[in-house]
1. Using beta carbons and a limit of 7 Å, which pairs, at least six apart or on different chains, have the first residue in segment 33-51 and touching a residue at least 40 places away in the same chain (Cβ under 8 Å) and under 11 Å from Gly61 (Cβ atoms) and the second one among the small types (Gly, Ala, Ser) and in a strand (DSSP E or B)?
2. Filter segment 1-49 down to the residues that are surrounded by 14 or more Cβ atoms within 10 Å (Cβ to Cβ), of a type in the set (Val, Ile, Thr) and not in a loop (DSSP other than H, G, I, E, B) and list them by number.
3. Might you check whether a residue that is of a type outside the set (Val, Ile, Thr) and at pLDDT below 80 occurs anywhere in segment 44-52?
4. If I go through segment 53-78 residue by residue, how many of them are in a loop (DSSP other than H, G, I, E, B) and either of a type in the set (A, V, I, L, M, F, W, C) or modelled with pLDDT under 90 (or both)?
Amino acid sequence: MPDTPARQNIDQLLTDAGWIVQSRDETNTTAGRGVAIREFPMKSGYGEADYLLYVDAVPAGVVEAKKEGETLTRHANATLMSSFGA
């Protein structure tokens, strides 16, 4: 999802909520209390998270972007698995 309107919108929403948004090639989990890293590589076989959220330099959550109108129900298990693959 490189630099699409959806990515720009998510970046802005995270920034407005106080997150420091970074790309994975500029990762600095200590840059602030809340850091969101785009396209974060997970463990082998899990792909990458659209955003991995760090709070106080500790992984705290995953944001998976989906097409507008698409429900998250069918993606919930994959998202949970990705969060454990970090």
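1. Listed pairs, sorted by first residue: Tyr51/Ala36.
2. Ile10, Ile20, Val21, Val35, Ile37
3. For segment 44-52, residues of a type outside the set (Val, Ile, Thr) and at pLDDT below 80: present.
4. The total comes to 10.
The values are calculated or read from the model by the stated rules, or taken from the named source; none is laboratory data. On a predicted model such as this, the values are computed, not experimentally measured, just so you know. Counting neighbours? That spans all protein chains shown, and the Cβs are built from the backbone with ideal geometry, glycine included.
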